[in-house]
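The values are calculated or read from the model by the stated rules, or taken from the named source; none is laboratory data. Values in this document were obtained by computation on a predicted structure and should not be read as measured data. We place every Cβ from the backbone using ideal geometry, glycine too, and count neighbours over all the protein chains shown.
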Amino acid sequence: MNRSSAVRSFAMANMLLEADLDKTEEQYQIDLGRVKASTSKIEDAYFPQFDLALRAEAKRMARHYEIFYCLERSIRQLLTDVFDASNEEDWWDKLVPDVVKQNVRKSVRKERESAVTPRSGRDIDYTTFGELSEIIKSNWNLFGGTVFSDIKAVEKVMGNLNSLRNPIAHCSPLADDEVLRLELSLRDWFRIIA
């Protein structure tokens, strides 16, 4: 095989491999990081002005944020699904603790007064992570045994996760031990679901 044929063969093999990787990413809804994410003009102009070490730290922390984003959103959806399945009409008004509803009303009002786009049309999306735990505990008759096996386990795991959430939500780096603790707490979360 001459050099030209070898280059064409190599290029064709790469194109086929890229097509297979595209299919895999689409089928499993994953990003293998093969394509550099597009950036905005503002990112191109200002992001490089941040210290390289800070940018590397942000990249490491982004994964922890993704984990918490998925966890918190899935917990909200789990609660919503359980309440909806209970066939309790107006479950938000009837079953959510008053202090949680008051905090949500304050957050909604503050957001509205700020003239920003509302984050959601669902009240539960305005709850804090700690409030989600309170909602579960105050409705243990719906969650105990069917969704979670033990209320003390829920309190412990949610408390651990809430402690780990704070540095992530407030842009502070997680120490290596806390990264491990996050991984273990995430496993614990899935373990306590009945």
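Does region 108-118 contain at least one residue that is in the same structural domain as Ala169 (by TED's automatic domain parsing) and buried (at least 16 other Cβ atoms within 10 Å of the Cβ)?
So far as region 108-118 goes, yes, one or more of its residues are in the same structural domain as Ala169 (by TED's automatic domain parsing) and buried (at least 16 other Cβ atoms within 10 Å of the Cβ).
Scan region 71-84 residue by residue and report those that are free of Cβ contacts under 8 Å to residues at least 24 places away in the same chain and either surrounded by 11 or more Cβ atoms within 10 Å (Cβ to Cβ) or within 13 Å of Ile136 (Cβ to Cβ) (or both).
Of everything in region 71-84, those that are free of Cβ contacts under 8 Å to residues at least 24 places away in the same chain and either surrounded by 11 or more Cβ atoms within 10 Å (Cβ to Cβ) or within 13 Å of Ile136 (Cβ to Cβ) (or both) turn out to be Arg73, Ser74, Gln77, Asp81.
Would you mind telling me which numbered condition in (1) of a type outside the set (Lys, Arg); (2) part of a loop (DSSP other than H, G, I, E, B); (3) over 29 Å from Ile193 (Cβ atoms) Glu88 fails?
Only one criterion in (1) of a type outside the set (Lys, Arg); (2) part of a loop (DSSP other than H, G, I, E, B); (3) over 29 Å from Ile193 (Cβ atoms) is unmet by Glu88, namely (3).
Are any residues in region 17-43 at pLDDT 75 or above, assigned to a loop (DSSP other than H, G, I, E, B) and surrounded by fewer than 10 Cβ atoms within 10 Å (Cβ to Cβ), and if so, which ones?
Gln29, Ile30, Asp31, Gly33, Arg34, Ser40
Suppose we filter Leu164, Leu186, Leu174, Leu180 for residues that are in a loop (DSSP other than H, G, I, E, B) and within 20 Å of the chain's Cα centre (by Cα); which single one remains?
Working: Leu164 fails: in a loop (DSSP other than H, G, I, E, B); Leu186 fails: in a loop (DSSP other than H, G, I, E, B); Leu180 fails: in a loop (DSSP other than H, G, I, E, B).
Residue meeting the stated conditions: Leu174.
Being at positive phi and either of a type in the set (S, T, N, Q) or at pLDDT 90 or above (or both) narrows it down to one of Asn87, Asn14, so name that one.
Numbers: Asn14 fails: at positive phi.
Unique residue meeting the criteria: Asn87.
I need the full set of residues from region 138-187 which are farther than 21 Å from Tyr65 by Cα and of a type in the set (Val, Ile, Thr), in order please.
Correct list: Thr146, Val147, Ile151, Val154.
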